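Read the figures in this text as sums done on the coordinates, not as results from a lab. Predicted model only: the values in this text are computed from it and were never measured. Glycine gets a Cβ as well: all are built from the backbone with ideal geometry, and neighbour counts include every protein chain shown.
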Amino acid sequence: MNCKSVIREISNYLDGELEPSVKQELEQHLEDCDDCKVVVDQVRLTVDVFCDSKPVELPSDIKSRLHEALRRKMKEKGNQA
Amino acid sequence: MGPPKPLSASNPHRLPSRVARDDEHLLVAAAKRGDADAFEELVTRYEGKIFRLTMNITRNREDAEDAMQEAFLKSYAHLKDFQEDSRFYTWLVRIAVNEALMRLRKRRPNQVSLDEPIEGAEDLMPREIEDWGPSPEQRFAQTEMHEILSEVIDKLEPDFRVVFVLRDMEELSTEETAKVLGISVPAVKSRLLRARLKLRQKLSRYFRQGRTN
């Protein structure tokens with residue numbers, strides 16, 4: 001496997017979607033190629049730093065406008081029923 | 001099969017995650033029967049995530065709020081049409097993404113082109129490869145890190161950003177992302193790879209070793 005193929009397969013590799021034989025070839029290339037190893041590690045880190053599963057607090061002004069709009073809609077629907 | 005295992009140090013999350021999923025289904029069923037409180041509970045549960053999603057797509061607070069509000073109002077109005085063949089949250093995400101994309105297209109009409117053909121792979125090779133040194137998360141304070149990520153994702157072209165947001169930030173599967181955006185699975189994969197490589201390149205400016213902070 002050459003550098004171009006490694007770059008093309010980075011996403012599939014990080015997402016665990018490579019066939020075992022292809023994965024093995026890619027990992028073999030990474031052992032011998034420092035540049036590709038750096039790129040793969042940095043792409044992995046890029047995904048990690050953006051992946052933020054912490055709960056998100058809605059700003060209070062936006063929250064109150066949302067719930068107000070929702071209650072208006074519910075009232076409208078209730079009146080139609 | 002025996003009774004459910006009690007919570008323990010080695011199995012701390014099993015019960016809460018199961019309850020959350022079962023609960024969503026029950027809340028949707030109650031809301032469909034006209035229980036307004038159940039629908040408000042669903043809104044409260046997802047409002048933060050949906051706002052973050054619309055904000056990440058539109059990169060504009062006013063548009064993000066509009067898109068989020070419209071998504072919840074539409075999901076309420078069309079709740080009876082929700083077939084429950086996916087999670088309620090995924091259905092909600094689909095509505096919110098459409099609302100956000102509509103607003104984004106209005107503001108940047110020539111930049112959102114999800115239906116364009118997939119490009120070749122010739123230009124994918126990284127141009128600069130520099131060591132990032134110690135972990136960026138240790139080098140930057142949380143606020144500074146947040147600003148860097150916000151600036152970097154803001155500069156990513158919208159059609160790549162949308163795919164990255166759905167796959168890597170909202171953690172939708174490739175198939176769900178394709179369905180939400182109405183594009184093929186290979187198109188999602190191609191755009192995701194490009195988005196990840198482009199973001200890596202943009203982050204290098206901040207994370208490379210030797211940069212003084």
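If I go through region B:145-190 residue by residue, how many of them are without any contact (Cβ under 8 Å) to a residue 60 or more places away in the chain and not in a loop (DSSP other than H, G, I, E, B)? Even if it seems obvious, please write down each step before you answer.
Step one: filter region B:145-190 for residues without any contact (Cβ under 8 Å) to a residue 60 or more places away in the chain, giving B:145-152, B:155-157, B:159-160, B:163-164, B:167-168, B:171, B:173-175, B:177-178, B:184-185, B:188-189.
Checking the rest, the ones that are also not in a loop (DSSP other than H, G, I, E, B) come to B:145-152, B:159-160, B:163-164, B:167-168, B:174-175, B:177-178, B:185, B:188-189.
Final tally of qualifying residues: 21.
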Sole exception among (1) at the interface with another protein chain (Cβ under 7 Å from one of its Cβ atoms); (2) more than 18 Å from the chain's Cα centre (by Cα); (3) polar (S, T, N, Q) for residue A:21, by number: (1)
Qualifying residue in region A:45-56 (condition: farther than 19 Å from residue B:68 by Cβ and touching a residue at least 12 places away in the same chain (Cβ under 8 Å)): yes
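Part of a helix (DSSP H, G or I), under 30 Å from residue B:45 (Cβ atoms) and among the basic types (Lys, Arg), is that true of residue A:71? Full working, then the answer.
Working: part of a helix (DSSP H, G or I): yes; under 30 Å from residue B:45 (Cβ atoms): yes; among the basic types (Lys, Arg): yes.
When the stated conditions are applied, residue A:71 passes them.
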Conditions (1) within 16 Å of the chain's Cα centre (by Cα); (2) surrounded by 22 or more Cβ atoms within 10 Å (Cβ to Cβ); (3) within 13 Å of chain A (Cβ to nearest Cβ); number of the one not met by residue B:162: (3)
Qualifying residue in region A:28-37 (condition: at the interface with another protein chain (Cβ under 9 Å from one of its Cβ atoms) and under 30 Å from residue B:52 (Cβ atoms)): no
Criterion violated by residue A:61 - all others in (1) exposed (fewer than 14 other Cβ atoms within 10 Å of the Cβ); (2) touching a residue at least 12 places away in the same chain (Cβ under 8 Å) satisfied: (2)
Cβ-Cβ under 6 Å pairs, at least 6 apart or on other chains, region B:32-60 side in contact (Cβ under 8 Å) with a residue 60 or more places away in the chain and charged (D, E, K, R), far side part of a helix (DSSP H, G or I) and surrounded by fewer than 20 Cβ atoms within 10 Å (Cβ to Cβ): B:59/B:154
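Kindly check whether there is at least one residue in region A:2-12 that is among the β-branched types (Val, Ile, Thr) and more than 7 Å from chain B (Cβ to nearest Cβ). Outline the logic, then answer.
Looking only at region A:2-12, we keep the residues that are among the β-branched types (Val, Ile, Thr), and these are A:6-7, A:10.
Narrowing the set further to residues that are more than 7 Å from chain B (Cβ to nearest Cβ) leaves A:6.
Scanning region A:2-12 turns up at least one residue that is among the β-branched types (Val, Ile, Thr) and more than 7 Å from chain B (Cβ to nearest Cβ).
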Residue A:26 in a loop (DSSP other than H, G, I, E, B) and either on the phi > 0 side of the Ramachandran plot or under 25 Å from the mean Cα position of the chain (by Cα) (or both): no
